[in-house]
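Trainee: There's a structure below that I have some questions on.
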Amino acid sequence: MADPDLGLLEQWRGGDQAAGQALFARHFASVLRFFEHKCQTAADELVQQTFLACVRARDQFRGQSTFRTYLFTVARHELYRHLRQVRRDDDRLDFSITSIGEIVTTPGTRLGREQDAERLRAALRTLPAEQQLLLELCYWHELDPTALAEVFEAPAATIRTRLFRARNALRERLGEMSSTSRDPLVVGVTASADDLEP
């Protein structure tokens with residue numbers, strides 16, 4: 001089935017403002033949530049930059065994925081660009097080992113209303129940024145390995161291996177936390193060992 005968003009995207013690129021507003025309305029909440037958990041003070045600006053980048057980068061989009069997958073790919077690049085600016089354009093940042101918590105300190109960040117959700121998000125922030133994004137996009141945004149492969153620009157088999165490692169890393173962080181959570185990420189993390197094989 002064709003992705004109806006792709007038609008709206010083409011119309012928006014062609015100057016149809018109503019199509020752009022429709023796309024924005026459909027995906028605003030999930031993109032805002034993506035940024036809010038990482039850099040709350042800049043979240044609104046990053047959402048706008050992400051949608052504008054979709055239009056500017058029209059020649060780079062091959063249409064081989066859904067618009068939603070494309071949008072999260074752009075959002076990931078916008079997030080990393082922002083984090084490099086926070087660190088004064090430090091091109092040496094390696095997001096496979098550097099956590100967002102090491103770069104951005106937001107004492108007023110709302111990590112969640114429930115204590116378990118707060119612990120989970122705190123644990124996620126200690127993971128390398130690539131692992132944090134991979135887990136969040138998989139469980140909170142429900143992207144499958146094929147879609148994640150597009151977002152992270154890596155083969156699906158590599159993504160499965162990275163998910164396996166990220167789950168294990170998060171398990172280690174949550175090891176001392178005895179309470180259980182209804183959060184879908186915790187449910188995924190506590191899946192059977194067979195489910196975690198790459």
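Trainee: Can you list residue pairs whose Cβ atoms sit under 7 Å apart, with the first residue in segment 140-153 being in contact (Cβ under 8 Å) with a residue 12 or more places away in the chain and crowded, with 19+ Cβ neighbours inside 10 Å and the second being part of a loop (DSSP other than H, G, I, E, B) and of a type in the set (G, A, S)? Count only pairs 6 or more apart in sequence or on different chains.
Mentor: Filtered contacts from segment 140-153: A147/S65; E150/S65.
Trainee: Might you check whether a residue that is under 26 Å from A25 (Cα atoms) and modelled with pLDDT under 85 occurs anywhere in segment 98-106? Before you say what the answer is, go through the steps one by one.
Mentor: At the first step, the residues of segment 98-106 found to be under 26 Å from A25 (Cα atoms) are none.
The answer is no; no qualifying residue exists.
Trainee: Could we say that D90 is surrounded by fewer than 20 Cβ atoms within 10 Å (Cβ to Cβ), of a type outside the set (A, V, I, L, M, F, W, C), modelled with pLDDT under 70 and part of a loop (DSSP other than H, G, I, E, B) here? Before you say what the answer is, go through the steps one by one.
Mentor: Working: surrounded by fewer than 20 Cβ atoms within 10 Å (Cβ to Cβ): yes; of a type outside the set (A, V, I, L, M, F, W, C): yes; modelled with pLDDT under 70: yes; part of a loop (DSSP other than H, G, I, E, B): yes.
For D90, the condition - surrounded by fewer than 20 Cβ atoms within 10 Å (Cβ to Cβ), of a type outside the set (A, V, I, L, M, F, W, C), modelled with pLDDT under 70 and part of a loop (DSSP other than H, G, I, E, B) - is met.
The values are calculated or read from the model by the stated rules, or taken from the named source; none is laboratory data. Note that the coordinates shown come from a computational prediction; the quantities given were computed from them, not determined experimentally. Here Cβ is always computed from backbone atoms with ideal geometry, including for glycine, and neighbour counts include all displayed protein chains.
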